[in-house]
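Please treat every number below as a calculation from the coordinates, not as lab data. This structure is a prediction, so every number in the text was calculated from the model and none was measured. We place every Cβ from the backbone using ideal geometry, glycine too, and count neighbours over all the protein chains shown.
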Amino acid sequence: MTETLLQVRGLKVNFNTSAGTLYAVNGVDLNLRRGQTLGVVGESGSGKSVTALAVMGLLPKNTARVAGGEILFHGRDLLRAGEEEMRRLRGNEISMIFQDPMTSLNPVYTIGDQVAEAVLRHRRVDKKQALTRAVEMLKLVGIPEAEQRLRDYPHQFSGGMRQRVMIAMALACNPQLLIADEPTTALDVTIQAQILDLMRQLRDELHTSIIMITHDLGVVAELCDQVLVMYAGRPVEYAGVQAVFASPAHPYTRGLLASLPRLDDDSGRRLEQIEGAPPSLLADPAGCAFAPRCRDAREECRQARPSRREVAPGHLVACHRAGAEEGGFAGGRNAAQSQ
């Protein structure tokens, strides 16, 4: 079997705020094997990025607190690793593409210096060798005239090119795990397709495992092997991508899928929407957090928190009524193509 690279078990992250404790992540579990791509989806505030920052060891120390769980990378619990050990891992074995490349790139340093920084830190090379590696990476991600662009600054690149630079930085040391936080946000569809093709190519050639954080289920259908659906800081569904698109078991997942346009639907129908808004994370409700927005909610849903159970092999869902109704979503590929 393929080696298990990353395991997250029962992760809980709280934030101390002036209004009280904010329960940002509450019981996340996931497994990622070498060369696999996991899509993490959900609305803003569902805990996707906080989970990624916990894996990277980048949670703000003055406000965030890991209240429980384990993050095992090659069997090592990263939550118990020292800061020096995390520095050795970050940018080397584990890398992250942040959501906004313009704010993640330093405007006063050249692109070449920023791509070469990780190489200098983690490899026994001199500045010339690091810059040679930077040129190789810029070429790999499809930036033309890489030798000349090495001396340019971030503001001289377009949004799509800056995102490619971020990918080059993240992959400069051939990491085993790449976390991509909304890597195609604010990019036009042509550049988005190019970025996704690039990530697929790098995964296949370098056998890099990828965690793709996104709100775009079309991206998930195109790139991912597994899907973790999060709502209000909790995992509500976890399964293979085909199972999620063909037979979504949680009403929140079904609502997300129903809001996607489809190429094979020419009926002119209005896209469905999930009524209401996500709950405040300052409260930890006793029942299902999705119950106030769920058309199928019963009293049991409001009173008791559903535990995760297996509705099919490898298909986990946290819902009292999972399987109570027939339903599914055929045509995930078409949905992806329509994005």
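Once both labels are positioned 7 Å from their Cα atoms along Cα-to-Cβ, the gap between residue 4 and residue 204 label points is 2.9 nm. One chain, two ends: residue 29 and residue 132. Fully extended at 0.36 nm per residue, the span grows by 33.1 nm beyond their Cα-Cα distance. Between residue 151 and residue 62, the simple label model (points 7 Å from Cα in the Cβ direction) yields a spacing of 4.0 nm. Charges were assigned to the Cβ only: +1 to each Lys and Arg, -1 to each Asp and Glu. The resulting dipole of the chain about its Cα centre is roughly 800 debye.
A simple rule links phi to the HN-Hα coupling: the Karplus curve 6.51 cos²θ - 1.76 cosθ + 1.60 with θ = phi - 60°, which for the range 197-214 gives 4, 5, 5, 5, 4, 5, 4, 6, 7, 9, 6, 7, 7, 10, 9, 9, 8, 7 Hz, with x for Gly and Pro.
State the percent of C-alpha pairs, over all pairs in the range 4-215, separated by a distance greater than 20 angstrom. Spell out each step's value before the answer.
Numbers: 13083 of 22366 pairs.
So the pairs more than 20 Å apart make up 58 percent of the total in the range 4-215.
Residue 109 sits among other residues whose Cβ lies under 12 Å from its own Cβ, and their net charge, with Lys and Arg +1 and Asp and Glu -1, is -2.
Only DSSP H runs of four or more residues enter the estimate; each adds -39500 (n - 2.57), and after division by the residues of the chain the mean residue ellipticity at 222 nm equals -9500 deg cm²/dmol.
The slack in the chain from residue 307 to residue 242, taken as 0.36 nm per residue of separation less the alpha-carbon distance, amounts to 21.1 nm. Rank 91, 45, 68 by mean-square fluctuation in a GNM of the chain with C-alpha springs under 10 angstrom and give only the top-ranked residue. The residue that fluctuates most here is 68. The chymotrypsin sites (Phe, Trp or Tyr not before Pro) found in the range 1-107 include none that occupy coil by DSSP while having at most 10 further C-beta atoms within 10 Å. The count of lysine pairs in the chain with alpha-carbon distances below 30 Å, taking only pairs 8 or more places apart or on different chains, stands at 5. Around the amide H of residue 247, modelled in the peptide plane, lie the amide H atoms of 329, all under 5 Å away and 5 or more residues distant in sequence or on another chain.
So what's the gap between the Cα centers of the range 194-267 and the range 288-321, to the nearest angstrom? Cα centroid to Cα centroid, the span is 20 Å. Label-to-label distance for residue 86 and residue 197 is 3.8 nm, based on points extended 7 Å past Cα in the beta-carbon direction. The distance from the alpha carbon centre of the range 166-192 to that of the range 92-125 is 12 Å, rounded to a whole number.
Within the range 43-111, which trypsin sites (Lys or Arg not before Pro) sit in a loop by DSSP and count at most 16 neighbouring Cβ atoms inside 10 Å? Intermediate results must be reported in sequence, preceding the final value.
Working: sites: 48, 61, 65, 76, 80, 87, 88, 90; in loops: 61.
Within the range 43-111, the qualifying trypsin sites (Lys or Arg not before Pro) (loop, at most 16 other Cβ atoms within 10 Å) are 61.
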